[in-house]
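S.K.: Starting off with a structure, shown below.
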Amino acid sequence: MTTLYRARTMHTLAPSAEGDTLAVEHGNITSVGNWAELREQHPSASVIDLGGATLVPGLIDSHIHPIGGIELTRGADLRHCLTLDDVERSLRSDPDAWTGDWLLGWGLDPNVFAGAPTGQFLDRIAPGTPAIIQIFDAHSLVASSTAIERAGISGSETLGANSIVSVDPSGRPTGYLIEHAAMDLVRYLIPPTSLTDRVALLRRNLMNMARTGFTAGHALDMGGPDSLALLNAAAAEPGGLALDLTVSPIFAPEDGPDSFEKVVAAQVHSGQRWRVSGVKLFIDGTIDNGTAWLYQPDTCGDSTVSLWLDPAQYTETVTRLHAAGIPTRTHAIGDRGVEHVVRTLASLPTSGITHRIEHIETATDDVLDELAAAGIAASMQPTHCTRFVRPDGSDNWSVRLGPERAARGFRTRDIRDRGITLALGSDWPVAPSDAREIIAAAQLRRQPHSVGAIGLEQGLTALQSLEGFTTHAAASIGASSPALRVGAPGTFTAFEHDPLATSPEVFATTRVVMTAIAGEVIVDER
């Protein structure tokens, strides 16, 4: 049975496909053209009239953590908090803050602290209570003294992968735990979420993303040994997954040979609307935590080494993955880290495998030129800049980098102008996965309806922003183009307003009329 989808406007992003109507049969597009023409060709087809909406290829969030993010978002949502008083009010009023006798929160901006984050305020809010607050970037947390004591953390721990237990001048833990090996010392004590609840949360979170316009996502995590069971169980529920997922398991610096073989073996797994493809790696941490890898130390004397400690081991791992035919996505934030990843990937023999660099928060001209020459794809998150960096440079990220390096931050337009494939994403749950907001922020270099752009010259055009979530997102992992053309899956997004002809301020809150994956309607808000 053929279905005709009719809209006022359609941007196919395919050079030879134009019109206002799609014909979809058995999940694939069979015709693209004008309404009168296609209606005449398919007189018995069912019709879905989208009115004044604009049809575009289905949007892809190129960087999300929907599996591991289930645990990272336990507790009170603190993303709106600007002060520690806001944090206290949220923790006291939010019923989700409690898991058993644990007080939990997530998404906290480190700018709420006057200096280095500590868990001392948790001892004042809930004395004698085990409490953990995840910092927004998912690379650090603060814990109460009771949680530290339960975990047996002394402050003398020696940890790999640049993980740190922060201590005060007397050597006592402050509650600030940096990077995963340190965070895991206390996180394992939290009562686990059941598989049934995780299935429900995964499905809910993906549907929330779909309601903002997404039809697919690049999931850069596996979230534990039962991830395959989680994906299969969620896909088996009525309606299945609301996004089509490409899942790349993580291989961390501290992982051994057995873990390497597991991520290689995992590449064969797939299910309904999900498949494993590629491996996620890290070369460094974050600027806010002092664990990025910079040419020169940050203003606090931090961010001087790779998470691998011996960067040659990273290069060896990527070389082995490349030889096995497996694409990589590498987290690289600091300028020195970005350079090392670019040069590692540029040195690999040509084989048609698409490798990608995630984040690229600060980089020099020379390294971007090398990135372009090597044909390496980039993946960036515009709202990392617009949500967490202040125009006056008073935020923690800018202060740590200093003016010169901060001015080289989030160079999205410079990357596109060099002809580099640039995928865009949210990094959920670090920032909200709202396609409309990110498309607007990528152009404005600020949050919609706010003032003070950060590096306005790095703003993308409306078309570049849309491409970042469609054709460039797919190309960045070597996938088929999602452009609306004959033979392609009937996967699309319909917005109330045209993303290419509407001001970013208006588009940021436009209504999502419909999303569909291979002809199956996921969101219908007509």
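S.K.: Taking the stretch 64-80 as the search range and keeping residues that are among the charged types (D, E, K, R) and assigned to a loop (DSSP other than H, G, I, E, B), which one is nearest to the chain's Cα centre (by Cα)?
M.R.: The selected residue is 79.
S.K.: Which numbered condition in (1) in a strand (DSSP E or B); (2) charged (D, E, K, R); (3) surrounded by fewer than 23 Cβ atoms within 10 Å (Cβ to Cβ) is the only one that residue 280 fails?
M.R.: Every listed condition holds for residue 280 apart from (3).
S.K.: So if I check each of 475, 483, 453, 479, which one is in contact with a helix residue (DSSP H, G or I) (Cβ under 7 Å, 6 or more places away or on another chain) and surrounded by fewer than 20 Cβ atoms within 10 Å (Cβ to Cβ)?
M.R.: Matching residue, one of 475, 483, 453, 479: 453.
S.K.: Moving to a separate point now. For the stretch 74-124, name all the residues that are exposed (fewer than 15 other Cβ atoms within 10 Å of the Cβ), touching an Asp or Glu at 6+ places or on another chain (Cβ under 8 Å) and aliphatic (A, V, I, L, M).
M.R.: Residue satisfying the conditions is 82 alone.
S.K.: Does residue 400 meet the test of being more than 21 Å from the chain's Cα centre (by Cα), open to solvent by 10 Å² or more (accessible area, probe 1.4 Å) and among the basic types (Lys, Arg)?
M.R.: Yes, satisfied.
S.K.: For the stretch 210-259, name all the residues that are assigned to a strand (DSSP E or B) and of a type in the set (A, V, I, L, M).
M.R.: Listed by number, the residues that qualify are 216, 219, 245, 247, 250.
S.K.: Right, next: Return the pair list, or none, for Cβ contacts closer than 6 Å from residues in the stretch 347-359 that are closer than 17 Å to residue 475 by Cα to residues that are surrounded by fewer than 17 Cβ atoms within 10 Å (Cβ to Cβ) and modelled with pLDDT of 95 or more, at least 6 apart or on different chains.
M.R.: So the pair list comes out as 354/478.
S.K.: Listed residues 163, 156, 144, 140; which is among the polar types (S, T, N, Q) and over 31 Å from the mean Cα position of the chain (by Cα)?
M.R.: Criteria check complete, one pass: 156.
S.K.: Next question, about the same structure. I'd like to verify a number: residues in the stretch 358-396 that are over 19 Å from residue 327 (Cβ atoms) and assigned to a strand (DSSP E or B), how many?
M.R.: Number of matching residues: 1.
S.K.: Now a separate question. Taking the options 202, 189, 206, 185, name whichever one is open to solvent by 20 Å² or more (accessible area, probe 1.4 Å), of a type outside the set (D, E, K, R), assigned to a helix (DSSP H, G or I) and touching a residue at least 24 places away in the same chain (Cβ under 8 Å).
M.R.: Just one listed residue meets the conditions, 185.
S.K.: Restricting attention to the stretch 375-393, which residues are surrounded by fewer than 16 Cβ atoms within 10 Å (Cβ to Cβ) and without any contact (Cβ under 8 Å) to a residue 60 or more places away in the chain?
M.R.: Within the stretch 375-393, 375, 393 meet the criteria.
The values are calculated or read from the model by the stated rules, or taken from the named source; none is laboratory data. As the structure is a computational prediction, the values presented were derived from the model and not from experiment. Cβ: placed from backbone, ideal geometry, glycine included. Neighbour counts: every protein chain shown. The area values use the complete protein model at the heavy-atom level, side chains included, leaving out ligands, DNA and RNA. Shrake-Rupley method; radii C 1.70, N 1.55, O 1.52, S 1.80 Å.
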